[in-house]
Each structure stands twice: as structure tokens, then as C-alpha cells.
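Some notes on the structure that comes next.
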Amino acid sequence: MALRKMNPYVIPPPTPVSLPVSGTDARFPVRRVYCIGRNYAAHAVEMGHDPDCEPPFFFQKNPDNLDPSGNFPYPPRSRDVHHEAEMLVALKSGGRGIAARDALDHVFGYGLALDMTRRDLQAQAKKQGRPWEIGKAFERSAPCGAIHPAEDVGHPARGRIALSVNGALRQEGDLNQMIWKVPQMIAYLSDYFTLSAGDVILTGTPSGVGPVGRGDVLEMSIDGLGHLTVRVD
Ligand code: MN
């Protein structure tokens, strides 16, 4: 009995997920991962939708899908895995019913992330009206970089976001092309969920998404937030 009191868990508890914070040894602990769909008009159009007619929508990845290792293992059961370059927003606090004008007060920092997608499985799920997890929330499906604190980098609202594959430019856009800006995204999410410290938001991808293959080197950049290099294994 004494032993059980010291360790209340019946199995080893999962390792807490955390991301490096740029310029320090400290870590950012992750609670939830929200991802917005079709948030750049040109990408909505390339996916066959009219960006003017749609409210925002979100799906989730799992915290442990975030992976700052710099390697992306090609996932099983797909022949069409796509890159989606996105800015990541990390929250230091949260709540419900957050007003857009107050939303940036809840942001700890920003980073680079890839919303890797099993496009064939996502397309099948869409067609059948099924959830997207099988296409979106697989192991290591969100390669990412370190978090840059807002006190160092401010709150980026414009600036180039780009991704190249093996040196060839594939995705290019500007943060100012987001249909739903970061404050609006936080406000919208907080009307449906209780946001909290540790939540992160992937803010959508510009046009130019496309397939990756084993051995590819993905180079992503956002003005003011540096670079992210990911190798597909
Ligand atoms: Mn995405």
C-alpha cells in the first residue's frame, strides 16, 4: 500500500509534450493543438472552395504529433502525403469568450510548423463525410521549430511565408493574406472551447501544397521567425 501511495499510476504516465523556446533552455508545454482549414484564399481555391462563402473551421492534431526533431518519417497507408507550411501560435493563457481586441494578450509566442497531411486519406474522409484524423493526426504529423516569445518578435501580422522542397520553391504567401487573423481565430475558438495555457494554433497554409517523398528536404521560412528544415525519411 505504501508503494501505491507513492506512485498512483497503474501504467507509466505518458511523457509530457513540450517544445523548445528560442534563446533559452526552457520548454513550452503543450496542451491542445487546433488547426484552421483553408485560411489563405488562394489555398481555398486550389482545394476547390470559394473562400468568400465560408466561416472558419477547425480540426485538431494531438499534442504528441508535434515534433521538433527535424525529421519526418513517411507515414504508413498513404501514397500522397502533402506539406502545408503554417505559422504556429502558442498561448500562455486562455479562457472563454475572448474578445478579438484582447486576444493577443494570451499569446506567448510564434513558430514554424508543417501540417503534414495524408491527402488521399483526407480526401476519402471528406467524400464519406467522416472525421479527418486519419489524414491529419498521425504520428509526427506536425514537424515544428522552436517557439519565439512575442516579447522578442512581436505579433507578426505580415511577412513572407514560404516553403521549398529540395531547393525548388513550392509555397509562398504573406501572413497578411490570412482570411482569419490570429486575434479572430483565438476569439472564434474561445466561443466553442475553453482555451488554456499550452494550447497551440496552426494558422493555415498558403497555396502550393503538394506531395513529398522519402529523401526530400523541406525548407520553410517566415519573415522574423527564422527557418525550419525537415528531412523526409
Ligand atoms: Mn493546414
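Observations on the model:
- Selection within segment 171-199 - buried (at least 21 other Cβ atoms within 10 Å of the Cβ), in a strand (DSSP E or B) and away from the ligand (no atom under 13 Å from the Cβ): LEU195
- Residue in segment 19-38 that is farthest from GLY198 (Cα to Cα), counting only those that are in contact (Cβ under 8 Å) with a residue 12 or more places away in the chain and in contact with a Ser or Thr (Cβ under 7 Å, 6 or more places away or on another chain): ILE36
- Any strands (runs of 3 or more DSSP E) falling wholly within segment 22-132 and containing at least 1 residues that are open to solvent by 50 Å² or more (accessible area, probe 1.4 Å): 27-29, 58-61, 107-114
- Number of residues in segment 137-170 that are part of a helix (DSSP H, G or I) and either touching a residue at least 60 places away in the same chain (Cβ under 8 Å) or farther than 27 Å from ALA100 by Cα (or both): the value is 2.
- Filtering PHE72, PHE108 for residues that are under 17 Å from the mean Cα position of the chain (by Cα), among the aromatic types (Phe, Trp, Tyr), within 16 Å of the ligand (Cβ to nearest atom) and at pLDDT 95 or above leaves a single hit, PHE72.
The values are calculated or read from the model by the stated rules, or taken from the named source; none is laboratory data. Note that the structure is predicted; figures quoted are calculated from it, not measured. Note that we place each Cβ from the backbone using ideal geometry, even for glycine, and neighbour counts take in every protein chain shown. Surface areas here come from the heavy atoms of the whole protein model, side chains and all, with no ligands, DNA or RNA. Shrake-Rupley method; radii C 1.70, N 1.55, O 1.52, S 1.80 Å.
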